[in-house]
């Protein structure tokens, strides 16, 4: 467990200190603000989708380390993917947080799989799922 915790802390720290996708997106054609009212975390997810493929993505906003790192990792996964593939990742992530994902589904999440232990921290679950729910809502709204 200790090894998982240091991996988790390392990934969280890296995505917070150097968030690769925390920036505006020129020509974004899908945009949605997600807010966690219980703690004030907020992100605005911006996607540029062409021919059903996410060709560019980013987010802006403020919040705790978990919400911001989770958004950054999510974009790592969905960039270059179709809407269907992105929603599949979101489904796997949400299943993982509920403790219902298979090992294969968790492994498909790459670095985001490091957030698996959040399921044991109820107060932090909303932080971790904020960007993923925003992604789902963004595509439902389309």
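Could you say whether any residue in the range 81-103 is in contact (Cβ under 8 Å) with a residue 60 or more places away in the chain and closer than 23 Å to residue 57 by Cα?
Step one: of the range 81-103, the residues in contact (Cβ under 8 Å) with a residue 60 or more places away in the chain are none.
Looking for residues that are in contact (Cβ under 8 Å) with a residue 60 or more places away in the chain and closer than 23 Å to residue 57 by Cα, one finds none in the range 81-103, hence no.
Rundown of residues vs (1) in contact with a helix residue (DSSP H, G or I) (Cβ under 6 Å, 6 or more places away or on another chain); (2) at pLDDT below 95; (3) surrounded by fewer than 19 Cβ atoms within 10 Å (Cβ to Cβ); (4) assigned to a helix (DSSP H, G or I), yes/no style:
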{"position": "101", "(1), (2), (3), (4)": "yes, no, no, no"}
{"position": "104", "(1), (2), (3), (4)": "no, no, yes, yes"}
{"position": "115", "(1), (2), (3), (4)": "yes, yes, no, yes"}
{"position": "119", "(1), (2), (3), (4)": "yes, yes, yes, yes"}
{"position": "124", "(1), (2), (3), (4)": "yes, yes, no, yes"}
{"position": "127", "(1), (2), (3), (4)": "yes, yes, no, yes"}
{"position": "130", "(1), (2), (3), (4)": "yes, no, no, yes"}
{"position": "133", "(1), (2), (3), (4)": "no, no, yes, yes"}
{"position": "139", "(1), (2), (3), (4)": "yes, yes, yes, yes"}
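Go through the range 7-46 and give me each residue that's in a loop (DSSP other than H, G, I, E, B), under 16 Å from the mean Cα position of the chain (by Cα) and over 19 Å from residue 77 (Cα atoms).
The initial filter retains those residues of the range 7-46 that are in a loop (DSSP other than H, G, I, E, B), namely 18-21, 23-29, 37-40.
The next check asks that each one be under 16 Å from the mean Cα position of the chain (by Cα); those that pass are 18-21, 23.
None - no residue of the range 7-46 is in a loop (DSSP other than H, G, I, E, B), under 16 Å from the mean Cα position of the chain (by Cα) and over 19 Å from residue 77 (Cα atoms), so the list stays empty.
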Filter the range 47-84 for residues that are over 12 Å from the mean Cα position of the chain (by Cα), closer than 28 Å to residue 9 by Cβ and part of a strand (DSSP E or B); which is modelled with the highest pLDDT? 60
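The values are calculated or read from the model by the stated rules, or taken from the named source; none is laboratory data. All values reported here derive from a predicted model rather than from experimental measurement. Heads up, the Cβs are rebuilt from the backbone with ideal geometry, glycines too, and the neighbour counts pull from every protein chain shown.
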